[in-house]
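Since the structure comes first, as structure tokens, the remarks are kept for the end.
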Amino acid sequence: MSRTLKILLIVAGLVVVIASVFYVRTMTWMGEFTSINRYFTGESCTRVQGVPGPEDIAIDRERGIAYISAYDRRLAASDDPGAGAVRGGIYIMDLNAPAEGLFMRPITPILPDRFRPHGISLFKGDDGRRTLMVVNHPGGSEHTVEIFDLGADNVLTHRKTVADPLIMSPNDVAAVSHDAFYVTNDHDRPGQDGRTMAALFASEITSVAYHDGEATRTVADGLALANGVAVSNDGGKVYVTETLGRRLRIYARDIATGNLEETDRVFLGTGLDNIDVARDGALWIGAHPKLATFLDHASDPANLSPSHIVVVRENDGGGGVGSTAYLDKGAELSASSVGATYRQRLVIGAVFDPAVLVCEMGGSVTAAPATPAPDAE
């Protein structure tokens, strides 16, 4: 064997080893070797058929009404001639109804014309006035936050569109007044450029912006795909999930200025999505334990993606403890994006499925670890 051939074989072998190590590392980090066994200690779950992509849920706990944002993401991303005309909507569900009487009722406003809602947030003022804020992706590189006044009869009246270069790739929104909000950017620029490499390396390149009602500025950055954002019940903290970082970041909030100061990080080992802050202050978070499987599900509904709802309770001395409230391989509902609570009910939304899952918890509180066990197979 010639010296040149030996060198080529050695180089080829090194490339194979490096590629294999990188593949195993990436698949491990994306949760693909995680074992998924159904876990739910409550009583039962009811699948409520509706419309494709009920991705985020905001609950008015005073009225028992769930507000749901949805649009058909698969169709919008397809080559179908009707993809460009896809228009999403806002729906409500009366959670005071019995399980057999649950349904999603559309309350979609006429404006804006191009409406593909993503993350939503409900704000209630001391005077009882309610505002619903909605991340909107009208098309192309255009992204906005739409602000609606919400009437007592659940009629949405469009009041304002907020667009800004710093709201470049918005995912979720958290309202702190009738005009001010925090919004996560899940990428560092509009469009798709760089997303794949950012995902492979879990790059900490995304941010949180704050709009004070007039101007927008960045208040947190260096996040590995910032996704869900929520504000504590007392307004003193802001919570942000990192899908690729698989952790929750906790920020102290200056209520007067809107500025944020990071105080804690809680690693949860699953691809975190939207956050619901329960009445008792616990954080209920939708998650994707197998991120590569989630990507397969995005392209083909036959490829089920596991659903995972994590509960985080903060410690008095800082940090927090995560536990699993719900886990399933995706047969009941695939790719859970949010888990919101009302009394003893857990309402789970999904990125693509044409349904939500309403689970009766029966007063039970889970104690399962937040991170599913590694697959032993």
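Could you figure out which of (1) of a type in the set (Ser, Thr, Tyr); (2) surrounded by 20 or more Cβ atoms within 10 Å (Cβ to Cβ); (3) free of Cβ contacts under 8 Å to residues at least 40 places away in the same chain isn't true of residue 67?
(3)
Looking only at segment 125-141, filter to residues that are open to solvent by 20 Å² or more (accessible area, probe 1.4 Å) and in a strand (DSSP E or B); which one of those is farthest from residue 55 (Cα to Cα)? Write out each step before concluding.
Looking only at segment 125-141, we keep the residues that are open to solvent by 20 Å² or more (accessible area, probe 1.4 Å), and these are 126-129, 137, 139-141.
Restricting the remaining residues to those that are in a strand (DSSP E or B) gives 137, 139.
Details: 137: 13, 139: 18 Å.
Per the criteria, the residue is 139.
Provide a single number: the residues in segment 75-124 that are acidic (Asp, Glu) and either within 22 Å of the chain's Cα centre (by Cα) or surrounded by 14 or more Cβ atoms within 10 Å (Cβ to Cβ) (or both). I'd like the intermediate steps shown before the answer.
Filtering segment 75-124 down to residues acidic (Asp, Glu) leaves 79-80, 94, 100, 113.
So of that shortlist, the ones also either within 22 Å of the chain's Cα centre (by Cα) or surrounded by 14 or more Cβ atoms within 10 Å (Cβ to Cβ) (or both) come out as 94.
Residues in segment 75-124 being acidic (Asp, Glu) and either within 22 Å of the chain's Cα centre (by Cα) or surrounded by 14 or more Cβ atoms within 10 Å (Cβ to Cβ) (or both): 1 in total.
I need the full set of residues from segment 262-292 which are surrounded by 22 or more Cβ atoms within 10 Å (Cβ to Cβ) and of a type in the set (Gly, Ala, Ser), in order please.
Hits for segment 262-292 are 271, 286, 287.
Taking only segment 154-176 into account, find how many residues are aliphatic (A, V, I, L, M), more than 17 Å from residue 213 (Cβ to Cβ) and not in a strand (DSSP E or B).
Applying the first criterion (aliphatic (A, V, I, L, M)) to segment 154-176 yields 155-156, 162-163, 166-168, 173-176.
With the extra rule that they be more than 17 Å from residue 213 (Cβ to Cβ), the set shrinks to 155-156, 168.
Next cut, not in a strand (DSSP E or B) only: 155, 168.
Total meeting the criteria: 2.
Scan (1) under 23 Å from residue 341 (Cα atoms); (2) over 16 Å from the mean Cα position of the chain (by Cα) for the single condition residue 264 breaks and write down its number.
Residue 264 satisfies every listed condition except (1).
Mind listing whichever residues of segment 46-60 are among the charged types (D, E, K, R) and either touching a helix residue (DSSP H, G or I) at 6+ places or on another chain (Cβ under 7 Å) or buried (at least 21 other Cβ atoms within 10 Å of the Cβ) (or both)? Give the steps one after another, and end with the answer.
At the first step, the residues of segment 46-60 found to be among the charged types (D, E, K, R) are 47, 55-56, 60.
Listed by number, the residues that qualify are 55, 56.
Could you go through segment 144-153 and let me know if any residue there is among the aromatic types (Phe, Trp, Tyr) and either under 20 Å from residue 227 (Cβ atoms) or part of a strand (DSSP E or B) (or both).
Within segment 144-153, the subset among the aromatic types (Phe, Trp, Tyr) is 148.
Imposing the further condition that a residue be either under 20 Å from residue 227 (Cβ atoms) or part of a strand (DSSP E or B) (or both) reduces the set to 148.
Yes, because at least one residue in segment 144-153 is among the aromatic types (Phe, Trp, Tyr) and either under 20 Å from residue 227 (Cβ atoms) or part of a strand (DSSP E or B) (or both).
Does residue 144 count as open to solvent by 40 Å² or more (accessible area, probe 1.4 Å), at pLDDT 95 or above and of a type in the set (Ser, Thr, Tyr)? Break it down into steps so the answer makes sense when it comes.
Values: open to solvent by 40 Å² or more (accessible area, probe 1.4 Å): no; at pLDDT 95 or above: yes; of a type in the set (Ser, Thr, Tyr): yes.
Against the criterion (open to solvent by 40 Å² or more (accessible area, probe 1.4 Å), at pLDDT 95 or above and of a type in the set (Ser, Thr, Tyr)), residue 144 does not qualify.
Output the number of the condition that residue 323 fails; it satisfies all remaining conditions of (1) in a strand (DSSP E or B); (2) open to solvent by 10 Å² or more (accessible area, probe 1.4 Å); (3) over 13 Å from residue 39 (Cα atoms).
That leaves (3) as the condition not met.
Cβ contacts < 6 Å: first residue within 25 Å of residue 105 (Cβ to Cβ), restricted to segment 152-177; second residue exposed (fewer than 15 other Cβ atoms within 10 Å of the Cβ), any location; separation 6+ or different chain. Result?
158/111
Against the conditions (1) touching an Asp or Glu at 6+ places or on another chain (Cβ under 8 Å); (2) farther than 18 Å from residue 230 by Cα; (3) outside any loop (DSSP other than H, G, I, E, B), where does residue 287 fall short? Just the number, please.
Failed condition: (2).
Quick check on segment 175-186. Is at least one of its residues among the hydrophobic types (A, V, I, L, M, F, W, C), modelled with pLDDT under 90 and open to solvent by 10 Å² or more (accessible area, probe 1.4 Å)? Step through it out loud before you land on a result.
Applying the first criterion (among the hydrophobic types (A, V, I, L, M, F, W, C)) to segment 175-186 yields 175-176, 180-181, 183.
Retained after the next criterion (residues that are modelled with pLDDT under 90): none.
The answer is no, given that none of the residues of segment 175-186 is among the hydrophobic types (A, V, I, L, M, F, W, C), modelled with pLDDT under 90 and open to solvent by 10 Å² or more (accessible area, probe 1.4 Å).
So, of the residues in segment 76-114 that are part of a loop (DSSP other than H, G, I, E, B) and of a type in the set (Lys, Arg), which turns out to be nearest to residue 360 (Cα to Cα)? Don't jump to the end; show me each part of the working.
Pass one, segment 76-114, residues part of a loop (DSSP other than H, G, I, E, B): 78-82, 86-88, 95-98, 102-104, 107-114.
Filter again for of a type in the set (Lys, Arg), leaving 87, 114.
Numbers: 87: 32, 114: 36 Å.
Checking each candidate, the answer is 87.
If we keep just the residues of segment 239-261 that are touching a strand residue (DSSP E or B) at 6+ places or on another chain (Cβ under 7 Å) and not in a strand (DSSP E or B), which is most open to solvent (accessible area, probe 1.4 Å)? Please lay out each step first, then the result.
Taking segment 239-261 first, the residues touching a strand residue (DSSP E or B) at 6+ places or on another chain (Cβ under 7 Å) are 239-243, 245-253, 258-261.
Now narrow it down to the ones that are not in a strand (DSSP E or B): 243, 245-246, 258-259.
Numbers: 243: 14, 245: 15, 246: 43, 258: 0, 259: 71 Å².
Here the answer is 259.
I need the full set of residues from segment 209-238 which are buried (at least 19 other Cβ atoms within 10 Å of the Cβ) and in a loop (DSSP other than H, G, I, E, B), in order please.
Listed by number, the residues that qualify are 224, 225.
The values are calculated or read from the model by the stated rules, or taken from the named source; none is laboratory data. This structure is a prediction, so every number in the text was calculated from the model and none was measured. FYI the Cβ positions are ideal-geometry reconstructions off the backbone, even for glycines, and counts take in every protein chain you see. Only protein heavy atoms, including side chains, enter the accessible area calculation; ligands, DNA and RNA are left aside. Shrake-Rupley method; radii C 1.70, N 1.55, O 1.52, S 1.80 Å.
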